[in-house]
Each structure stands twice: as structure tokens, then as C-alpha cells.
Amino acid sequence: MPRRRDEMVPDAEFRSYYGQPVIKPPIWHEPHMPTYLYLGGLSGAASTMAAVARLSGDRRLEFSSRLIAFAGGTAGAAFLVAELGRPERFLNMLRVFKTSSPMSVGSWTLAAQGGLTAVGAASAVTGVLPLVGDAASLASGVTGTLMATYTAVLLADTAVPIWHEGRRELPFLFAGSAMASAGGMAMLTTPRAQAGPARAATVLGAAVETAAGAIMERRLGMLSEPYHSGKAGRLMRASRVLTAGGGLLAAVAGRSRALTALSGLAVTAGALCTRFAVLEAGRVSAVDPKYTVVPQRERLDAGRPASVPGR
Amino acid sequence: MAERMGFFTDTTLCIGCKACEVACKEWNDVPDDGFVFRATSYDNTGALGADTWRHVAFIEQDSRWLMSSDVCKHCTHAACLDVCPTGALFRTEFDTVVVQSDVCNGCGYCVPACPYGVIDRRERDGRAWKCTMCYDRLRGGLEPACAKACPTKSIQFGPLEELRVRAEERVERLHAEGMTEARLYGEDPDNGVGGAGAFFLLLDEPETYGLPPDPVVTTRDLGEMWRWAGVAAFGLAGALAACFLRRS
């Protein structure tokens, strides 16, 4: 159990300025930011699923996926704009394109994703310009893979220790979660006979999310403490149960509508819990100076101070 | 491009008068952020933030009292500037880092990116704020308000190269006088931020003053992050394709 593991790790000795934080915690609001992370992942994986479904001829599943991709991207963008300190200046996001800023790359990706999925969904619903709709939908299959993973870089590219040091696993955690989210939502909106690939995506996505989370926590060592205690710990445990449970249920969900509903809702709730847990853990990791000071002090004491080679 | 300008804050000379904090607030019209008795020390300012661009730390120890005026480090490799999606943060001709408040849309990304916890969003107007090294005064040929107001020359302003030489000499003199604990913080161009434009002479470990002992610009590892994200993105496409192939 997580609690026992906490007790086995002795409190690291470190000095600080009256226990005050060294770095500033992320100021992103709840529920805006975690909900956006979920919706962006949902939209991204759904648009990739729509593209694959188009290529394999699964037209009913493609239809659902296109609408999910559009709805997720649009709702996500609304949350993101509401999150800004000056929402009326949201277009400044497209003022420049900066590869050094994951948020700039993400804003352009979201803009492309939003436009392409809107065209794809409009064409699917109205039947107008089917070739244009197909082309847009296939293109959003590419932007979708970036949409589902860039948010991991967004969080990792900060001084927050639990995010920055989780930079290898976060993309897989978010990609797995996005895949399970899209599979779950497609399962809920597609007749069972045509939803086989969506169920498979739910099983596989939930497995990847669970594995990536476990590997990340192990590799983070002492830094992973916020994932085991307090609010973030509770959210992470809920996410584990919901995601694993929903994923296992998806394997048999083809048998009944009740199982389909249960599985789809469970993985959706699990994916939301994951995002809220990661955001909350980041806040805790930033506010407690231990997580900033101890690894840096260890580096110095070992004679391996940080440097920026090649710049 | 003009010469790179910087701050050398010699904390052995600081008397904790907070003239720097006041001068900064006055000149830059920085709003009041309250006086809070924190019951830990004489520090009633707390930390650097959107409305605090100079912060005097008070550290009471057994036989001495350490005081230090903290400020934005104006890093050579500045994470806040790197991650800013709008280009609101820019590098000036003095090699300092400044926010253009008419461009900032308050996304808040710079806030957790700073390895020193300097920049913050002012919730009243929704934008990010921090020390500008008095960009307007520099352009007018004046020194920053804090350095001007400092009565003990604890805050020294000038060309960064000159300050580095002066600081080395100061440390040597202090060591000769028996203060062997004196050390420079942030001046090394080979450190994790490529050298700070505002560096310090400290008498104890940096973390005692609330400073990170070995900060790193987060974007140093950005290439690695995108590579892993790329692998995950390809994996996602492949895994979804596999879901359709398995059946039928």
C-alpha cells in the first residue's frame, strides 16, 4: 500500500528559507486546465481513430469519432481561453510560432486540430463536400497524435520537479489515457456491433496508461511522493481503479449495453482523475521546497553541477 | 547591442533597510501587496512575485543575522522567455529579460517555468510581471532605482563583466579577512542557466536564502521531451491501427 511505502522513506534533510517554496506553483485553475488536458487528448486520439476507421472502412465508427474529435477540441479550446489571465487577448497565441515554447506549438496544433475536425464533422453531418471532409479528417489524424501528446511536454517543460523529471513517461501516460478516453467515448456513441475497434482501443489505452503511470512513479523515486499522499494521491488511486477496471470491462463490453456504459464511463472518469491528479501533484511538488532543494543539493555534493552544453 | 548590464548584490553589506524594495515600488508603480507579519523573521514581504520585484530576506542565525536583497536573475538562458508563447517576454539590448505588458495574455506558463520562482501573474490585471532592471532608466542612461537607493552599495549595477571581476576581488578579500564562508552565487557562465545577469555574494548555502542551489533552465531538456512525445505519438497511431487490424 502507498502509505506503508511513505513511512519507509526517511524525510530528507535539507535547508530552506523558513520552509517557503523556492519555485512558484503553476497558477492554472481547476477545473479549466485538467479538463482541457482531458478534452485535448480525447479530441486528438478520436481524430486519429476517425482517420484509421476511414482507411479500414468502418464508416459508423468513423462518424462517431469525427464528432467526438470536433466536440472535444472545441470544448477544450473554450476551457483554455477561459484559463487565460486576459482571455480577450487569446489570439496573441498565434502572434508568433516559437519552437522553444510547447504552449506556442500546442496553440498552433490546437488551431489546426480545431479547424480540421470542424470541417470533418460538418461534412459528416451534412454530407456536403465529402472529399474535403475526408481530407480534413485524415489530416486531423496526424495533428491528433500531437494533440494527445504535446500536453506532456507542456507540463514537463517547467521547473516543477515531479513533471520535469517525469518527462519520459508523461507522453505515454497521456497518450494511453487519450486512447482509452477516445475508445470509451466512441464505445458509448456507436452501436455495439460496430464498436469492436473502440473497445480494443479502450483496453489497450487503459493498459498503456496504467503501465506508464507505474513506471513513472518508480523512476521518480522520492519526487513521486505527491502521487501517493493527500488529494493528488487520492485522485491517482481513483484513476488507477477506474482506468484498470474500465479497461478490463471493455474486453467484455460487447456483450451488453450496461457493460458498455459502465466501461466507457469508468475510463472517462479515470482519464479525468489522471489529469486532476497530475496537476495537483505538480502544485504540491512546487510548493514543498524539499523537492526542489534535495535533488539539486545532491547534484552539487556529488560534484555534478548542472550545465547547459551546446548553447 | 549595448554592453550586457547586471546586478552584483553583495549581501555582506546589506543592512536590511529595504530602500531597494521601496525605490522599486515607487519608480515602477508596483501595486501594494500588503504587509504581512509572518512570525518567522523581520521579513514582512515574503517572496518575489508579480508585485514584489526586490525582496529582502532576513535569516536569523545563532551568532549573526543574514540579509539579502533578491531580484530577477535575468538569466543567459531564460526559461520564462523560452516558454512564452506570445513573444511578450523579450531580451533587451542590455541583455536583460523584460515582459511587454501590452502583449502578455496571462497564460501563466512562465510562472512554473522559472527555476528561481521570480515571475508571477498579477490576478488583478491577469498579466505576468517581474523586474525589468528598470529598462526605462537604463535607456535614459540611469542606473536601476534599487541600486540608486541602496545606501551601503550592497546592490551594485554595471557592465556584467566588470561586476564579475569586482566580485572575485571582494571574495578574495573576505577570505583573507577570515570570512571563508563567503561565496559567489550565479556568476558562473557554465551553470545551469548559462550565468545569471544578477548574481550574489552569499555567506551561507543558497537554499538558506530561499535560492535554488543548482537551478537549470527547463528548456535544456526540451529536445529530449519532444523525442519521447514523438515516440508516444507514433505509438498512439500504431496502436490505434492495430485495434482495427486485429478483428474481421
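The values are calculated or read from the model by the stated rules, or taken from the named source; none is laboratory data. On a predicted model such as this, the values are computed, not experimentally measured, just so you know. Here the Cβ positions follow ideal geometry from the backbone for every residue, glycine too, while neighbour counts run over all protein chains shown. Each accessible area value is taken on the protein alone, full model and side chains, heavy atoms only, with ligands, DNA and RNA left out. Shrake-Rupley method; radii C 1.70, N 1.55, O 1.52, S 1.80 Å.
So here's what we get for this one:
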quantity	calculated
Rounded to 5, the percent of DSSP beta bridges in the protein assembly as shown classed as antiparallel	85
Accessible surface of region B:5-216, 1.4 Å probe, proportion on carbon and sulfur as whole %	52
Cα-centred dipole magnitude for chain A, charges only on beta-carbon of K, R (+1) and D, E (-1), debye, nearest 20	220
Cross-link pairs B:Lys130/B:Lys153; A:Lys290/B:Lys148; A:Lys24/B:Lys153 - those with Cα-Cα distance over 32 Å	A:Lys290/B:Lys148
Two-site FRET efficiency, B:Gln100 against B:Leu245, from Cβ-Cβ distance with R₀ of 51 Å, rounded to 0.05	0.50
Heavy-atom accessible area per residue - the protein assembly as shown, 1.4 Å, Å²	40
Accessible area buried between chains B and A, both sides summed, probe 1.4 Å, in Å² to nearest 100	6500
Gyration tensor (alpha-carbon) shape descriptor, region B:75-116, a/c threshold 1.5	oblate
Between region B:31-98 and region A:99-115, the alpha-carbon center distance in angstrom	31
Paramagnetic reach from B:Asp51 in region B:1-36 [backbone N under 20 Å; point 7 Å along Cα→Cβ]	B:18-36
Relative frequency of Cα-Cα separations exceeding 31 Å in region B:5-216, percent	14
Check: region A:113-249 dipole with +1 on Lys, Arg Cβ and -1 on Asp, Glu Cβ, in debye	380
Cys residues of the protein assembly as shown counted as unpaired, since no other Cys beta-carbon is under 4.7 Å	A:Cys273, B:Cys14, B:Cys17, B:Cys24, B:Cys75, B:Cys84, B:Cys104, B:Cys107, B:Cys114, B:Cys134, B:Cys150, B:Cys243
Region A:231-247 and region A:13-65: distance between their alpha carbon centers, rounded to Å	16
Nearby aspartates and glutamates by direct alpha-carbon distance to A:Lys98 (threshold 20 angstrom, same-chain neighbours under 8 apart not counted)	A:Asp157, B:Asp82, B:Asp95, B:Asp102, B:Asp221, B:Glu224
Cβ-placed point charges (K, R +1; D, E -1), dipole of region B:5-216 about Cα centre in debye, nearest 20	520
Chain A, accessible surface, carbon-and-sulfur percent (1.4 angstrom probe)	65
Alpha-carbon centroid distance for the pair region A:121-174 / region B:128-178, whole angstrom	46
Selection from A:Leu173, A:Val160, A:Val278 lying farthest towards where the dipole of chain A points positive, charges on Cβ	A:Leu173
Number of partner chain Cβ atoms within 10 Å, mean per residue of A:293-301	4
Exposure of B:Val231 as accessible area (Å², to 10), given a probe of 1.4 Å and all protein chains	80
Candidate aspartates and glutamates for bridging to B:Lys18, where Cα separation is under 18 Å - those fewer than 8 sequence places away on the same chain excluded	B:Asp10, B:Glu26, B:Asp29, B:Asp32, B:Asp33, B:Asp43, B:Asp51, B:Glu60, B:Asp70, B:Glu143
GNM flexibility winner over chain A from A:Ser64, A:Ser181, A:Ser100 (Cα, springs under 10 Å)	A:Ser100
